[in-house]
Amino acid sequence: MKNILLAISTGLLLAISWPTYGFPLFSFFGFVPLLIVEHNIRANKYHKSQVLGLAFLSLFIWNMITTWWIYNSTPFGMWFAEFVNTLLMALVFLIYHLVARKVNFNIGVIFLACIWMSFEYLHLQWQFSWPWLNLGNVFSSYTSWIQWYEYTGTFGGSLWVWIVNIGVFKSVLLYREQKEKSILIRSAIRNGLIIIIPIIISFVILKTYKEDGKDVEVVILQPNINPYTEKYNTTDDRVGELLTTLTTSEISPETRFIIAPETVFTDNNRLKKFPYSIAKNTALSILNQYPNANFLSGISLIDVFRDTSKVRKQTNIHKSGVFYDDYNSAFLVRSDGTDELYHKSKLVVGVENFPYQSVFKPIVGDAMIDLGGTVAKKTTQPDREVFFSKDSLGAAPIICYESVYGEFVTGYVRNNADFLAIITNDAWWGNTQGHKQHLDYAKLRAIETRRSIARSANTGISAIIDQTGNIISRLDYEKQGVLKGFLKTNDDITFYVKAGDYIARISIFLFITILLLAITKRKTITPI
């Protein structure tokens, strides 16, 4: 019973640390109860299945409390996501348990931190990608603590969390063994400094950071179209009229970018006919009166064809001999009539891609995991395209889920993006923590890249975010309207943009090295 209560404690501590309702300080000792559980099982030589079971219980509580809102779009998708993600996390603890029995304490806990960060990196790369609960995200509501993410990315935060958890865990074991209060006092001082010093460094960076660059006036549109009752019953003509009305209410001759949300135009738009679409004509009708402006928006596009040589893994079959590629895209229209398209490349599992189709399709057929949105396999593009205005201002067209991926977003910056334009539709999850967390994660991208963000969300929250992750202005959830303001451009390149997730890659190397060491070593029980 004691181990069960400890496991439940870890789930609750991690949950109450999570944005946007939580306080991240709890994450610094959230894993300690579960680490004690694993140590108890190892010391008493209980069966390894207990580690898996209790870790699953603990981590399932964390997953459910923080991401239950997936249920609003699909009950099955929510249960599948919670179960699979929890199981993967629990397997990380099981592998740690097996390795810890063969190596000394210090090597064992280093292995744990490294395998966890390797798991987080996997979640950023593979087709079952779900990095929502990567530990570095826990500080997204407290960006004044993590201004050094411009050097480390979110893996710096994950490492920080593990260093403190391991330090506290070691002190607890030493106290249980020696019963000396001085151990707890030294631990409090040491771990307190490990927490406080990075925060102080962050505050210094924040106070000394200056936004240099051009002021760019943006007009951000929030049409507030309900995706369940209105979106697919609303024609592009009506959408165009709404966006025009919203834009003309706030636009000025100084406006440089008008930004509308993800897939706001959805009315059976053909890729080849985009130059003649209602979406482009809407943009041109606005830009004819404001030649300094550029119109950036989301659109759903399809490309229907019969040529079998064009068929890809992401291609859908319409009927015998007829295929189509389905795109979740962004487009830019300039006042001179030229345009650009970008196709979303980081896809929501099940909604927009069929993970490992060659393996799972023979088993489950065309069944997909609906995590919110229109169920269809989307076609992607490999490069991070930047939209440039006539005077060479570069906007990164980041579509929805893509904004959760730090290293992915750096690709836009390396391609000369001066600011980030995030377009999204978070309405599938309702008025829950889902859309709030998504907004907070965007702030991490601002810090990592030192790029201002213009965020257009269909039902909110739309926002302008500065280069330190501070929200300058916002338009709240389920409010139809326009957010007008200025952001600063930047052409400097941060260390993180250059190096990417180097902490994760080092972790993978250490994880593999220690695992091989453990495999070739006999079982030993060593003291702390």
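The values are calculated or read from the model by the stated rules, or taken from the named source; none is laboratory data. Just so it is clear, the model here is predicted, and its values are computed rather than measured. Cβ coordinates were reconstructed from backbone atoms using ideal geometry, including for glycine residues, and neighbour counts include every protein chain displayed. All accessible areas refer to the heavy atoms of the entire protein, side chains included, with ligands and DNA or RNA removed. Shrake-Rupley method; radii C 1.70, N 1.55, O 1.52, S 1.80 Å.
Being farther than 24 Å from Phe169 by Cβ and either open to solvent by 70 Å² or more (accessible area, probe 1.4 Å) or modelled with pLDDT of 85 or more (or both) narrows it down to one of Phe83, Phe56, Phe31, Phe60, so name that one. Spell out how you get there, then give the answer.
Values: Phe56 fails: farther than 24 Å from Phe169 by Cβ; Phe31 fails: farther than 24 Å from Phe169 by Cβ; Phe60 fails: farther than 24 Å from Phe169 by Cβ.
Matching residue, one of Phe83, Phe56, Phe31, Phe60: Phe83.
Of the residues Ile506, Ile461, which single one is open to solvent by 50 Å² or more (accessible area, probe 1.4 Å) and either on the phi > 0 side of the Ramachandran plot or among the β-branched types (Val, Ile, Thr) (or both)? Before you say what the answer is, go through the steps one by one.
Details: Ile461 fails: open to solvent by 50 Å² or more (accessible area, probe 1.4 Å).
Result: Ile506 is the single residue among Ile506, Ile461 that is open to solvent by 50 Å² or more (accessible area, probe 1.4 Å) and either on the phi > 0 side of the Ramachandran plot or among the β-branched types (Val, Ile, Thr) (or both).
Do any residues in region 489-502 that are at positive phi have Cβ atoms under 7 Å from those of residues that are crowded, with 16+ Cβ neighbours inside 10 Å, where the two are at least six apart or on different chains, and which pairs are they?
Correct list of pairs: Gly500/Glu407; Gly500/Thr410.
For the structure I just gave you, tell me whether Thr380 is at pLDDT 70 or above and either among the hydroxyl-bearing types (Ser, Thr, Tyr) or over 28 Å from Val218 (Cα atoms) (or both).
On the way: at pLDDT 70 or above: yes; either among the hydroxyl-bearing types (Ser, Thr, Tyr) or over 28 Å from Val218 (Cα atoms) (or both): yes.
Considered against the rule, which asks whether it is at pLDDT 70 or above and either among the hydroxyl-bearing types (Ser, Thr, Tyr) or over 28 Å from Val218 (Cα atoms) (or both), Thr380 comes out as yes.
Given the criteria open to solvent by less than 20 Å² (accessible area, probe 1.4 Å), hydroxyl-bearing (Ser, Thr, Tyr) and assigned to a helix (DSSP H, G or I), does Ser456 qualify? Walk me through how you get there before you give the answer.
On the way: open to solvent by less than 20 Å² (accessible area, probe 1.4 Å): yes; hydroxyl-bearing (Ser, Thr, Tyr): yes; assigned to a helix (DSSP H, G or I): no.
No: the conditions fail for Ser456.
Among (1) of a type outside the set (Phe, Trp, Tyr); (2) outside any strand (DSSP E or B); (3) open to solvent by less than 70 Å² (accessible area, probe 1.4 Å); (4) at pLDDT 90 or above, there is one condition Leu371 misses while meeting the rest; what is its number?
Failing condition for Leu371: (4).
Which one of Ile115, Ile70 is open to solvent by less than 40 Å² (accessible area, probe 1.4 Å) and within 20 Å of Lys346 (Cα to Cα)?
Going through Ile115, Ile70 in turn, just one is open to solvent by less than 40 Å² (accessible area, probe 1.4 Å) and within 20 Å of Lys346 (Cα to Cα): Ile70.
Restrict the check to region 178-190 and report whether at least one residue is modelled with pLDDT of 95 or more, β-branched (Val, Ile, Thr), open to solvent by 30 Å² or more (accessible area, probe 1.4 Å) and part of a helix (DSSP H, G or I).
Here is the first cut: in region 178-190, the residues modelled with pLDDT of 95 or more are 189-190.
From what's left, β-branched (Val, Ile, Thr): 189.
Still in the list and also open to solvent by 30 Å² or more (accessible area, probe 1.4 Å): 189.
Remaining after also requiring part of a helix (DSSP H, G or I): 189.
Checking region 178-190: at least one residue is modelled with pLDDT of 95 or more, β-branched (Val, Ile, Thr), open to solvent by 30 Å² or more (accessible area, probe 1.4 Å) and part of a helix (DSSP H, G or I).
Taking the stated definitions as given, is Ile220 open to solvent by less than 30 Å² (accessible area, probe 1.4 Å), assigned to a loop (DSSP other than H, G, I, E, B) and not basic (Lys, Arg)? Before you say what the answer is, go through the steps one by one.
Details: open to solvent by less than 30 Å² (accessible area, probe 1.4 Å): yes; assigned to a loop (DSSP other than H, G, I, E, B): no; not basic (Lys, Arg): yes.
Considered against the rule, which asks whether it is open to solvent by less than 30 Å² (accessible area, probe 1.4 Å), assigned to a loop (DSSP other than H, G, I, E, B) and not basic (Lys, Arg), Ile220 comes out as no.
Considering each residue of region 283-318, count those that are more than 20 Å from Phe388 (Cβ to Cβ), of a type outside the set (D, E, K, R) and touching a strand residue (DSSP E or B) at 6+ places or on another chain (Cβ under 7 Å), and give that number. Give the steps one after another, and end with the answer.
As a first pass, look at region 283-318 and keep what is more than 20 Å from Phe388 (Cβ to Cβ): 285, 288-289, 300-318.
Restricting the remaining residues to those that are of a type outside the set (D, E, K, R) gives 285, 288-289, 300-302, 304-305, 308-309, 311, 314-318.
With touching a strand residue (DSSP E or B) at 6+ places or on another chain (Cβ under 7 Å) added as a condition, the list becomes 300-302, 304-305, 311, 314-318.
Of the residues in that region, 11 qualify.
Thr410 - would you say it is among the hydroxyl-bearing types (Ser, Thr, Tyr), in a loop (DSSP other than H, G, I, E, B) and either modelled with pLDDT of 95 or more or buried (at least 24 other Cβ atoms within 10 Å of the Cβ) (or both)?
Numbers: among the hydroxyl-bearing types (Ser, Thr, Tyr): yes; in a loop (DSSP other than H, G, I, E, B): no; either modelled with pLDDT of 95 or more or buried (at least 24 other Cβ atoms within 10 Å of the Cβ) (or both): yes.
Judged against the criteria, Thr410 is not a match.
Suppose we filter Ile514, Ile503, Ile508 for residues that are under 19 Å from the mean Cα position of the chain (by Cα), assigned to a helix (DSSP H, G or I) and not hydroxyl-bearing (Ser, Thr, Tyr); which single one remains?
Working: Ile514 fails: under 19 Å from the mean Cα position of the chain (by Cα); Ile508 fails: under 19 Å from the mean Cα position of the chain (by Cα).
So the residue among Ile514, Ile503, Ile508 that is under 19 Å from the mean Cα position of the chain (by Cα), assigned to a helix (DSSP H, G or I) and not hydroxyl-bearing (Ser, Thr, Tyr) is Ile503.
Return the only residue of Thr266, Thr315, Thr245, Thr282 being at negative phi, without any contact (Cβ under 8 Å) to a residue 24 or more places away in the chain and among the polar types (S, T, N, Q).
Values: Thr266 fails: without any contact (Cβ under 8 Å) to a residue 24 or more places away in the chain; Thr315 fails: without any contact (Cβ under 8 Å) to a residue 24 or more places away in the chain; Thr282 fails: without any contact (Cβ under 8 Å) to a residue 24 or more places away in the chain.
It is Thr245.
Hey, can you tell me all the residues within region 135-169 that are open to solvent by less than 10 Å² (accessible area, probe 1.4 Å) and not in a helix (DSSP H, G or I)?
Ser140, Ile146, Gln147, Gly153 - these are the residues of region 135-169 that are open to solvent by less than 10 Å² (accessible area, probe 1.4 Å) and not in a helix (DSSP H, G or I).
Against the condition under 25 Å from the mean Cα position of the chain (by Cα) and either part of a loop (DSSP other than H, G, I, E, B) or surrounded by fewer than 16 Cβ atoms within 10 Å (Cβ to Cβ) (or both), how does Lys346 come out, does it pass? Please lay out each step first, then the result.
Numbers: under 25 Å from the mean Cα position of the chain (by Cα): yes; either part of a loop (DSSP other than H, G, I, E, B) or surrounded by fewer than 16 Cβ atoms within 10 Å (Cβ to Cβ) (or both): yes.
Taking the combined requirement at face value, the residue satisfies it.
For Tyr209, work out the one condition from (1) modelled with pLDDT of 95 or more; (2) at positive phi it doesn't fulfil.
Single failed check for Tyr209: (2).
Against the definition (open to solvent by less than 10 Å² (accessible area, probe 1.4 Å) and either at pLDDT 95 or above or part of a loop (DSSP other than H, G, I, E, B) (or both)), how does Glu478 come out, yes or no? Give the derivation first.
Working: open to solvent by less than 10 Å² (accessible area, probe 1.4 Å): no; either at pLDDT 95 or above or part of a loop (DSSP other than H, G, I, E, B) (or both): yes.
So Glu478 does not fit the description; no.
Out of all the residues in region 251-285, which are part of a helix (DSSP H, G or I) and either charged (D, E, K, R) or surrounded by fewer than 22 Cβ atoms within 10 Å (Cβ to Cβ) (or both)?
Of the residues in region 251-285, the ones part of a helix (DSSP H, G or I) are 271-276, 278-285.
Scanning region 251-285 gives Leu271, Lys272, Lys273, Phe274, Pro275, Tyr276, Ile278, Lys280, Asn281, Leu284, Ser285.
Name every residue in region 286-310 that is touching a residue at least 12 places away in the same chain (Cβ under 8 Å) and either of a type in the set (Gly, Ala, Ser) or touching a helix residue (DSSP H, G or I) at 6+ places or on another chain (Cβ under 7 Å) (or both), in order of residue number.
Selection gives Ile286, Ala293, Phe295, Ser297, Gly298, Ile299, Ser300, Leu301, Ile302, Asp303.
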